[in-house]
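Peer 1: I'd like to ask some things about the structure below.
Bear in mind these aren't lab numbers, they're just calculated from the coordinates by the rules spelled out. Because the structure is a prediction, the values reported are computed rather than measured. As a convention, Cβ positions derive from the backbone with ideal geometry for all residues, glycine included, and neighbour counts pool all protein chains shown.
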Amino acid sequence: MDMGLNGARVVITAGAAGIGREIARAFREEGAQVAVCDIDAEAVAAVDDDGIHAEICDVGDRGALTTFITGAASRMGGIDCLVNNAGTAGPTAKVEDIEPGDWEDCLAICLTSQFTGVQAALPFLRESANASIINLSSAAGRLGFAMRTPYAAAKWGVIGLTKSLSVELGPEGIRANAILPGLVAGDRIRRVIEAKAQRQGRAFAEAEADALALTGMRSYVTQRQIADQIVFLASERGRTISGQAVSVCADTQALL
């Protein structure tokens, strides 16, 4: 299906690996120009698509992120879509045991970098005929998440940021939406489940079954399913969708 994104100019944070890389691939398949940044130098070096410009950037560094985004806009001749994908798991601990610095670091990456990205991209989005901002939240942005309070707080904050942006920027033709992934198939969730199984002295299969039982569909979601939803929201077909927290989570009902 042609989504009408040929030539679109897309910026993706943390776009050289994982979900971000799949988002970049999906946009490239539609003919978009893509610029990505990532803190992982090896992942950046491995990006081999001529249509994707990749560079190293720590999104927690306001100056570096702003420079990356303005440079991407100059290189591509503007920005039509900003995908704030960068995130970090943050600490796993009881709230009283979390170090203030770990709290601040998690919010800096998961939430403040999105604010910074929007501020940097906004002058260019205002010049676009099809402008959109897509922020990555999480199922943890609508559910309580014990032992992961910094991460959950940041992801709930992303929803508030997104809805406020949609109200503020909607009159200018700029839409803003959030994506809430659930259990995303891949090495990362496998490591999480393995660690939990080890802590509980249980087999991986048992811990995995418990995690999937918290989803209505009893299944993972894939990186590509998340990327496809983002491409749709950024396309002309999604141009009346704004201010939404879109769950791509196989109906996740609780988090452990």
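Peer 1: With springs only between Cα atoms under 10 Å apart, run a GNM on the chain and tell me which of P181, P171, P150 wobbles the most.
Peer 2: Between P181, P171, P150, it is P171 that shows the largest mean-square fluctuation.
Peer 1: Give a residue-ordered list of calculated ³J(HN,Hα) values for segment 176-191 (Karplus: 6.51 cos²θ - 1.76 cosθ + 1.60, θ = phi - 60°; whole Hz; x for Gly, Pro).
Peer 2: Ordered by residue, 3J(HN,Hα) equals 9, 9, 10, 10, 10, x, x, 7, 8, 4, x, 5, 5, 5, 4, 5 Hz.
Peer 1: For a paramagnetic label modelled at 7 Å from the Cα of D210 toward its Cβ, which residues of segment 222-253 fall within the zone defined by backbone nitrogen distances under 20 Å?
Peer 2: Backbone N within reach: 252-253.
Peer 1: Turning to a different aspect of this structure: Counting only trypsin sites (Lys or Arg not before Pro) that sit in a DSSP loop (anything but H, G, I, E, B) with at most 16 other Cβ atoms within 10 Å, what is the longest stretch of the chain containing none of them?
Peer 2: After excluding every exposed loop site, the longest remaining stretch is 1-93.
Peer 1: Any cysteines in the chain with zero other Cys Cβ atoms under 4.7 Å from their Cβ? List them, or say none.
Peer 2: By the Cβ distance rule, which asks for a partner under 4.7 Å, the isolated cysteines are C81, C106, C110, C249.
Peer 1: If you stretched the chain out fully between N6 and R199, how much longer would it get, using 0.36 nm times the residue separation minus the C-alpha to C-alpha distance?
Peer 2: Value of the extension gain: 64.6 nm.
Peer 1: Any idea how far apart E127 and M147 come out in nm if each label point goes 7 Å out from Cα toward Cβ?
Peer 2: That separation, rounded to one decimal, is 4.9 nm.
Peer 1: On to the next question. Mind listing the phi-derived Karplus ³J(HN,Hα) values for segment 135-151, rounded to whole Hz, using 6.51, -1.76 and 1.60 with θ = phi - 60°, and x for any glycine or proline?
Peer 2: 9, 7, 9, 5, 4, 6, x, 9, 10, x, 9, 4, 6, 10, 4, x, 4
Peer 1: Let me ask you something else. Relative contact order for the chain: what percent, with Cα pairs under 8 Å and sequence separation of 6 or more?
Peer 2: It rounds to 20 percent for the chain.
Peer 1: With n ≥ 4 as the cut-off for DSSP H runs, can you work out [θ] at 222 nm for the chain, using -39500 (n - 2.57) per run divided by the number of residues, rounded to the nearest 500?
Peer 2: -13500 deg cm²/dmol
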